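Taking it in order: structure first as structure tokens, then the write-up.
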Amino acid sequence: MIAALILVVSLAAFVQFFVFYTRSLIAASGKLKLSENVREITGLSGHGVEAMQFDRLLQLVELCPGSGNDLMGIRAVRAYFATLGVLLSLLTKMPGGVMASMAQWLNRERASCAYFAATALDQRMAYSRTLLSSGS
């Protein structure tokens, strides 16, 4: 019984740490401005990024070479995005006004994840430019 209690408390602590970690990554990326180069390449217009663009942006991030410092953050945000998607699909099946406001929050969080992916692409493109300029 004590082992089960320890397991539950450990899992709860891990989930709490995971959420705080990913939200801090997303908040830090939210302060960054996307370069015009990234906006042009990705076809983004305006200031925001939509949640539905997350997968496409991550594909571009994977194509662009990076220093490797951002791999853990990208994986964490990818898992957070997937978790939010599961929660959103569960909420859409439930009736109620509170659920609608929660679904809006989940959509905003997912859009923030997509913005994180766009800033990760921007940073990787800047790293690639640095590599090219130092190599020549």
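Quick note: the coordinates plus some simple rules give every number you see, no bench work behind them. Source: prediction; values computed, not measured. Quick reminder, even Gly has a Cβ in these numbers, built from the backbone with ideal geometry, and neighbours come from all protein chains shown.
Numbers at a glance
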item: Where the Cα pairs of region 37-136 fall when distances are cut into 10 Å bins, in %; result: 15, 40, 27, 12, 4, 1, 0
item: Separation of the D55 and V8 label points, Cα + 7 Å toward Cβ, nm; result: 3.6 nm
item: Packing-based ranking, highest mean first, of 33-39, 20-26 given that Cβ atoms within 10 Å are counted; result: 20-26, 33-39
item: Computed magnitude of the charge dipole of region 2-135 (debye, nearest 20; Cβ of K, R +1, Cβ of D, E -1); result: 160 debye
item: Full-stretch length increase - R39, F20 - with 0.36 nm per residue and alpha-carbon distance subtracted; result: 4.0 nm
item: Among 68-79, 105-116, the order from most to least packed when residues are scored by Cβ within 10 Å on average; result: 105-116, 68-79
item: Where labels lie 7 Å past Cα in the beta-carbon direction, separation of L63 and R129 in nm; result: 1.8 nm
item: Gained length - M1 relative to L90, 0.36 nm times residue gap less alpha-carbon distance; result: 28.9 nm
item: Alpha-carbon centroid distance for the pair region 6-76 / region 86-136, whole angstrom; result: 6 Å
item: Helix axis angle, 54-63 relative to the chain longest principal axis, alpha carbon, degrees; result: 50 degrees
item: Residue with peak Gaussian network fluctuation, the chain [Cα springs, cutoff 10 Å], from F18, F81, F54; result: F18
item: Extension reserve of the M72-H47 stretch, reckoned as 0.36 nm per residue once the Cα distance is removed; result: 6.4 nm
item: Charge dipole magnitude, Cβ of K and R +1, D and E -1 - region 9-80, Cα centre, debye nearest 20; result: 220 debye
item: Rounded tilt (10° steps) of 2-30 against the dominant C-alpha axis of the chain; result: 30 degrees
item: Length-normalised contact order of the chain in % [C-alpha pairs under 8 Å, at least 6 apart]; result: 41 percent
item: Computed helical MRE - 222 nm, the chain, DSSP H runs ≥ 4 contributing -39500 (n - 2.57), nearest 500; result: -27500 deg cm²/dmol
item: The chain: angle of helix 71-92 to the longest principal axis, Cα-based, in degrees nearest 10; result: 50 degrees
